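S.K.: Dropping a structure here in structure tokens format, bear with me for questions.
The values are calculated or read from the model by the stated rules, or taken from the named source; none is laboratory data. Because the structure is a prediction, the values reported are computed rather than measured. Don't worry about glycine lacking a Cβ; one is built from the backbone with ideal geometry, like all the others, and counts go over all protein chains shown.
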Amino acid sequence: MALYEHVFLARQDISAQQVEQLIEQFKAIITEGGGTIGKIENWGLRTLAYRVNKNRKAHYTLMNIDAPHPAVAEMERQMRLNEDVLRFLTLRVDEHEEEQSAMMQKRDRDDRRRGRGDRFERDGGGRGDRGDRGGDRERGPRRQERENEE
């Protein structure tokens with residue numbers, strides 16, 4: 001059997017639970033075709049580079065598949081018919097990566113960076129001391145007052 005990496009994008013207005021149902025549906029198609037699903041990574045709701053069918057965001061999901069080609073072809077056919085799937089991409093690979101994908105590593109790195117406290121928090125808002133800005137000084141007449149004077 002061949003090894004595949006499969007990524008699909010689901011519409012932004014469906015819930016995470018509905019995305020899980022889609023995954024289970026496609027997983028069933030692969031297992032009925034004599035294949036197996038390895039790792040499944042849900043990358044969450046992410047912004048698209050451009051609009052796809054009036055959607056600005058999509059739920060991204062990665063699946064590692066070990067299946068014969070007819071099972072993968074049937075899954076892709078079902079995805080084309082499903083309104084909730086915006087796009088998909090299936091790549092044949094020589095071997096699956098056992099560790100997290102680059103997308104999940106990036107998310108973990110970003111989470112660690114936010115948890116540590118970034119410069120914005122350390123500097124007390126990022127602006128520093130602004131000193132006395134002369135709040136008591138006279139700024140001149142307001143626009144409406146100026147218009148009334150004319």
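S.K.: Among the residues that make up region 58-74, is at least one of them hydrophobic (A, V, I, L, M, F, W, C), modelled with pLDDT of 70 or more, surrounded by 10 or more Cβ atoms within 10 Å (Cβ to Cβ) and touching an Asp or Glu at 6+ places or on another chain (Cβ under 6 Å)?
M.R.: Initially, region 58-74 is screened for residues hydrophobic (A, V, I, L, M, F, W, C), giving 58, 62-63, 65, 67, 71-73.
When the remaining residues are screened for being modelled with pLDDT of 70 or more, the result is 58, 62-63, 65, 67, 71-73.
Add one more test, that the residue is surrounded by 10 or more Cβ atoms within 10 Å (Cβ to Cβ), and what stays is 58, 62-63, 65, 67, 71-73.
With touching an Asp or Glu at 6+ places or on another chain (Cβ under 6 Å) added as a condition, the list becomes 62.
Yes - at least one qualifying residue is present in region 58-74.
S.K.: Please indicate, with yes or no, whether at least one residue in region 1-9 is under 20 Å from the mean Cα position of the chain (by Cα), modelled with pLDDT under 95 and surrounded by fewer than 16 Cβ atoms within 10 Å (Cβ to Cβ).
M.R.: So far as region 1-9 goes, no, none of its residues is under 20 Å from the mean Cα position of the chain (by Cα), modelled with pLDDT under 95 and surrounded by fewer than 16 Cβ atoms within 10 Å (Cβ to Cβ).
S.K.: Quick one: how many residues across region 1-33 are touching a residue at least 60 places away in the same chain (Cβ under 8 Å) and under 16 Å from PHE88 (Cα atoms)? Break it down into steps so the answer makes sense when it comes.
M.R.: Within region 1-33, the subset touching a residue at least 60 places away in the same chain (Cβ under 8 Å) is 1-11, 14, 18, 22.
Restricting the remaining residues to those that are under 16 Å from PHE88 (Cα atoms) gives 4-11, 22.
The total comes to 9.
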